[in-house]
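Contents: one structure, followed by commentary.
The values are calculated or read from the model by the stated rules, or taken from the named source; none is laboratory data. The structure displayed is predicted, hence computed values, not measured ones. Every residue, glycine among them, receives a Cβ derived from its backbone with ideal geometry; neighbour counts consider all protein chains shown.
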Amino acid sequence: MNRLKLILFVAGAVLVVSGCGAGSNTGSNNSTAGQAPKQLVNIPSKPASQIQLTDTSMPGYKLFQQTCASCHGPKGQGDYGPPIYAIGQYWNTQQLTAFVEQGRGGMPPRGGLTSDSQVQQVVVWLEKQGK
């Protein structure tokens, strides 16, 4: 079990470090249709107590809690995965969909979501965050 934790920690650190040098990125010129943005967004770290998520009654939020929060934190504050609490401020629906579908670093394609419908529900909810 300790080995699994170490592997997850290293994978998460690689993902975070790969995003740290990316600088501030709105994603507007980094992606073409169907491709995830080339650079990760560098959302600043923030304590969960200071994060206000919106539309937490949406199905996408519930799916986020079930599949994404284990790496990104229950409020998107980051943990093994990078902070994504304000991702909607940086990426549009197309970019979010491509990223979730393709995955990167320690995030597997679809991040544990099992259907196109689930991906879409999470993306619709994520797009509202940070706006």
Just to be sure before I move on: is residue 80 buried (at least 19 other Cβ atoms within 10 Å of the Cβ), among the hydroxyl-bearing types (Ser, Thr, Tyr) and modelled with pLDDT under 95 in the structure I sent? yes
Within region 92-121, the count of residues that are part of a loop (DSSP other than H, G, I, E, B), in contact (Cβ under 8 Å) with a residue 60 or more places away in the chain and at negative phi comes to 2
May I ask you to verify whether residue 80 is within 12 Å of the chain's Cα centre (by Cα) and farther than 18 Å from residue 35 by Cα? yes
When you scan region 47-91, how many residues do you find that are under 14 Å from residue 120 (Cβ atoms) and either acidic (Asp, Glu) or outside any helix (DSSP H, G or I) (or both)? 1
Please work out which residue is farthest from residue 41 (Cα to Cα), limiting yourself to region 79-111 and to residues that are of a type in the set (Gly, Ala, Ser) and touching a Leu at 6+ places or on another chain (Cβ under 9 Å). 106
